[in-house]
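The values are calculated or read from the model by the stated rules, or taken from the named source; none is laboratory data. Only a predicted model underlies this, so the values are computations on that prediction, with no experimental measurement involved. Here the Cβ positions follow ideal geometry from the backbone for every residue, glycine too, while neighbour counts run over all protein chains shown. For the accessible areas, the whole protein counts, side chains as well, though only heavy atoms, and no ligand, DNA or RNA atoms are used. Shrake-Rupley method; radii C 1.70, N 1.55, O 1.52, S 1.80 Å.
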Amino acid sequence: MTTSTTNLVNMTANEIVGLLKKREVTPAELLDALRERISEVDNKVNALPTLCWERAYKDADKISNLSFDERGILAGLPVAIKDLQPVSGVRSTWGSPIYRDFVPTRSDCLVENLEKEGAIIYAKTNTPEFGAGANTFNEVFGATLNPWDTTKSCAGSSGGSAVALATGQAWLASGSDLGGSLRNPASFCSVVGFRPSPGRVAYGAAGAGAYPSGLYSIPGQPFSVAGPMARTVADVALFLDALVGTHPADPISLPKTEKSYLEAVNNPRKPRKVAFSPDLGVTPVDREVADICRKAAEVFEDLGCIVEEAHPDFSDVQDIFQTWRAISFYVSKKELLDNQKDLLKPEVIWNIERASEITVDDFARIELARGRYLARANEFFQDYDLLLCPATVVPPYPVEQRFVESLGDHKFSNYVEWLTIAYAITLTGHPALSIPAGFTESGLPVGLQMVGGPRGEENLLMAAELYEKASTIKFGVPIDPISS
């Protein structure tokens with residue numbers, strides 16, 4: 001191998017796949033480079049607590065013996081997997097002491113589809129317990145630290161994935177998103193996190209042995225999705241091409257689209273009319289964050305797009321989201337509350353117990369409200385091609401702080417309310433991403449949330465590519481961790 005480890009970890013995923021296809025690097029050599037980089041930096045950030053080198057090198061040997069026509073889209077590229085997504089034969093904990101020693105015999109749908117496209121799994125990325133709460137810490141592995149300032153949170157729940165990308169320990173890393181778990185850590189770490197439409201990426205238990213006793217996935221639900229994280233828009237598009245496709249275990253999974261997302265990104269078409277909102281009308285936002293995102297939105301004016309301040313009516317977001325979230329926690333984790341409550345963190349207990357207060361009439365009310373909510377969002381996107389707003393309402397905060405309790409004069413009512421600007425979009429079912437918007441005066445990253453119309457992945461990625469190329473900010477990753 002003539003390319004140094006430093007050069008490899010600084011390359012994009014697309015560049016690495018290009019080297020693989022030209023036989024200028026082998027999958028095993030890529031694993032060697034990652035192994036060296038992880039040994040240098042992960043002890044400073046704790047992004048990758050579980051490594052599976054033996055499994056990875058074995059898969060690398062298998063892929064190296066295949067012709068390139070048989071290798072799939074990723075052709076032997078190593079990929080890191082979030083610890084909410086089981087990988088067969090690899091310790092998978094969901095960030096919970098209840099499952100600290102669980103080793104699945106079957107992988108998640110996402111992992112099975114990825115491995116068919118030539119992905120090599122080498123690591124699990126850290127996550128808060130069951131992905132609950134946008135600060136990546138748990139009682140099994142501890143906290144993951146923000147590489148831009150290791151005293152700060154990297155957000156969550158895909159925090160380990162975002163930090164691995166930002167520090168050159170991954171070219172691609174998986175995430176999942178209900179209340180912003182792909183978008184929040186991307187914003188805090190200056191990478192790109194993409195939340196696709198429900199069904200676009202098959203996600204959930206692929207069969208018996210994937211999930212442990214007492215923990216359940218809910219197939220076909222419309223809110224929690226899995227998706228790609230990377231350092232650039234083109235890398236996200238490449239990753240999404242490898243992720244999409246049906247899986248029999250996910251009843252809403254969609255077939256691959258005829259045109260690849262990477263092809264669309266390489267030939268982008270600009271949006272005609274863009275909306276910007278500093279707060280979506282539903283949440284306080286730190287003034288510096290709002291100003292940075294407003295300036296980032298001006299990039300689309302420079303591209304010749306019409307940019308107006310507007311947003312859909314999201315005024316009933318709390319009633320819908322908080323009620324549905326409580327129900328989902330009750331369904332998937334009530335057995336844990338009954339049998340192992342002492343091992344659950346307080347926020348998870350609160351979320352499960354809240355469902356006991358919900359009646360059938362409450363459920364009927366929020367389902368009817370959700371239908372009206374979707375109709376308003378869809379009507380909005382008949383006029384606008386793109387909606388822009390901050391991805392998070394604050395810059396990275398101290399890692400010891402479990403969650404954001406207040407902003408200005410507003411005290412948040414629970415541990416997830418500060419994520420409203422993200423989950424207001426979750427309820428629409430529309431694809432969204434966080435992309436770097438700039439940095440605060442103290443040098444902390446801020447992300448711009450970009451939202452597409454219904455099933456609008458292609459148009460959203462094309463707009464994000466145009467923004468990335470036209471933006472004057474330096475995305476600046478990968479970096480070595482910075483301690484204040």
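Under a plain spin-label model, where a point goes 7 Å from the Cα along Cα-to-Cβ, how far apart in nm are Glu54 and Lys256?
Taking the two extended label points, one gets 3.3 nm.
If the viscosity is 0.692 mPa s and the temperature 37 °C, what translational diffusion coefficient in µm²/s does Stokes-Einstein give for the range 83-199 when Rh comes from Kirkwood over Cα pairs?
On the way: Rh = 14.2 Å.
Stokes-Einstein gives a translational diffusion coefficient of 232 µm²/s.
Want the number for Asp319 to Asn43: 0.36 nm per residue separation, take away the alpha-carbon distance, what's left?
Difference between extended and current length: 95.2 nm.
For the range 307-456, which whole-number percentage of the solvent-accessible area (1.4 Å probe, protein heavy atoms only) is attributable to carbon and sulfur atoms?
Details: 3070 of 6130 Å².
In the range 307-456, the share of accessible area belonging to carbon and sulfur is 50 percent.
Separation of the range 138-168 and the range 413-449 by C-alpha centroid, Å?
Answer, in whole Å: 16.
Determine the equivalent ellipsoid of the range 226-269 by diagonalising the alpha-carbon gyration tensor, then write out the semi-axes as square roots of 5 times the eigenvalues, largest first, rounded to whole Å. It would help to have the intermediate numbers written out before the result.
Values: eigenvalues 91, 33, 8 Å².
They are 21, 13, 6 Å, listed largest first.
At q = 0.16, 0.19, 0.21 Å⁻¹, what is the base-10 log of I(q)/I(0) for the range 223-363 according to the Debye formula with one equal point scatterer per Cα and no solvent? Please give it to two decimals.
Log10 of I(q)/I(0), two decimals: -1.18, -1.17, -1.18.
For the range 350-386 and the range 254-315, write down the distance between their C-alpha centroids in whole Å.
The two parts, judged by their Cα centres, are 23 Å apart.
Between Glu357 and Arg272, what is 0.36 nm times their sequence separation minus the Cα-Cα distance? Round to one decimal in nm. Let's see the in-between values first.
Details: separation 85, 0.36 × 85 = 30.60 nm, distance 4.58 nm.
Additional length available on full extension: 26.0 nm.
For a quick check of your reading of the filter: which GluC sites (Glu not before Pro) in the range 394-464 sit in a DSSP loop and have no more than 15 other Cβ atoms within 10 Å?
Values: sites: Glu400, Glu405, Glu417, Glu441, Glu457, Glu458; in loops: Glu400, Glu405, Glu441.
Sparse-neighbourhood loop GluC sites (Glu not before Pro): Glu400, Glu405, Glu441.
May I ask for the percentage of alpha-carbon pairs in the range 1-52 that lie more than 17 Å from each other? Walk me through the numbers before you get to the answer.
On the way: 485 of 1326 pairs.
Here the long-distance tail beyond 17 Å is 37 percent of all Cα pairs in the range 1-52.
Pull out the extension gain between Ser413 and Asp69, defined as 0.36 nm times the separation in residues minus the alpha carbon to alpha carbon distance; nm, one decimal.
Details: separation 344, 0.36 × 344 = 123.84 nm, distance 5.37 nm.
Between Ser413 and Asp69, full extension yields an extra 118.5 nm.
Check each of the trypsin sites (Lys or Arg not before Pro) in the range 59-108 and keep only those in coil by DSSP with at most 15 other C-beta atoms within 10 angstrom; list them in order. Could you put the intermediate results ahead of the total?
Numbers: sites: Lys62, Arg71, Lys82, Arg91, Arg100, Arg106; in loops: Arg71, Arg91, Arg100, Arg106.
Within the range 59-108, the qualifying trypsin sites (Lys or Arg not before Pro) (loop, at most 15 other Cβ atoms within 10 Å) are Arg100.
What per residue convex hull volume, in Å³, do the alpha-carbon atoms of the range 177-299 yield?
Values: hull volume 19.1 nm³, N = 123.
Hull volume over Cα atoms, normalised by residue count, gives 156 Å³.
Can you compute log10 of I(q)/I(0) for the range 104-151 with the Debye formula, treating each Cα as one identical point scatterer, at q = 0.13, 0.27, 0.33 Å⁻¹?
The calculated log intensity ratios at q = 0.13, 0.27, 0.33 Å⁻¹ are -0.46, -1.00, -1.17.
With a point put 7 Å past each Cα toward its Cβ, work out how far Ile218 is from Phe102 in nm, to one decimal.
The modelled label-to-label distance comes out at 1.7 nm.
With the full set of protein chains in place, find how many percent of the accessible area of the range 142-300 is carbon and sulfur; take the probe as 1.4 Å. Let's see the in-between values first.
Values: 2240 of 4300 Å².
Answer for the range 142-300: carbon and sulfur cover 52 percent of the accessible area.
If you restrict to DSSP beta bridges whose two residues both lie in the chain, what percentage is antiparallel, to the nearest 5? Walk me through the numbers before you get to the answer.
Values: 32 of 46 bridges.
In the chain, approximately 70 percent of DSSP beta bridges are antiparallel ones.
Can you tell me the accessible area per residue over the chain, all protein chains present, probe 1.4 angstrom, in square angstrom? Write down the numbers at each step before the final one.
Working: 17460 Å² over 484 residues.
So the chain comes to 36 Å² accessible per residue, rounded to a whole number.
Could you work out the Rg to Rh ratio of the range 410-484, with Rh taken as the Kirkwood radius (inverse of the mean 1/r over all Cα pairs)? Show your work: numbers first, answer last.
Details: Rg = 15.2 Å, Rh = 14.7 Å.
My calculation puts Rg/Rh at 1.04.
Using alpha carbons only, what's the Rg to Rh ratio of the range 346-484 with Rh from Kirkwood?
My calculation of the ratio gives 1.02.
Give the distance, in whole Å, between the Cα centre of the range 24-60 and the Cα centre of the range 457-484.
Their Cα centres are 24 Å away from one another.
When Rg is the radius of gyration of the Cα atoms in the range 290-411 and Rh is its Kirkwood radius, what does Rg/Rh come to?
Working: Rg = 19.3 Å, Rh = 18.0 Å.
Ratio of gyration radius to Kirkwood radius for the range 290-411: 1.07.
Taking the range 131-217 on its own, what percent of its Cα-Cα pair distances exceed 15 Å? Numbers along the way, then the final one.
Working: 2270 of 3741 pairs.
Value for the range 131-217 (Cα pairs over 15 Å): 61 percent.
Report the semi-axes of the equivalent ellipsoid for the chain in whole Å, largest first, where each axis is √(5λ) for an eigenvalue λ of the Cα gyration tensor. Please report the intermediate quantities before stating the final value.
Numbers: eigenvalues 185, 145, 97 Å².
Three semi-axes, in Å: 30, 27, 22.
Helix-only estimate, please: 222 nm mean residue ellipticity of the chain, summing -39500 (n - 2.57) across DSSP H runs of length 4 or more and dividing by its residues, to the nearest 500. Walk me through the intermediate numbers first.
Values: 15 runs with 177 residues, N = 484.
Helix contribution divided over all residues of the chain: -11500 deg cm²/dmol.
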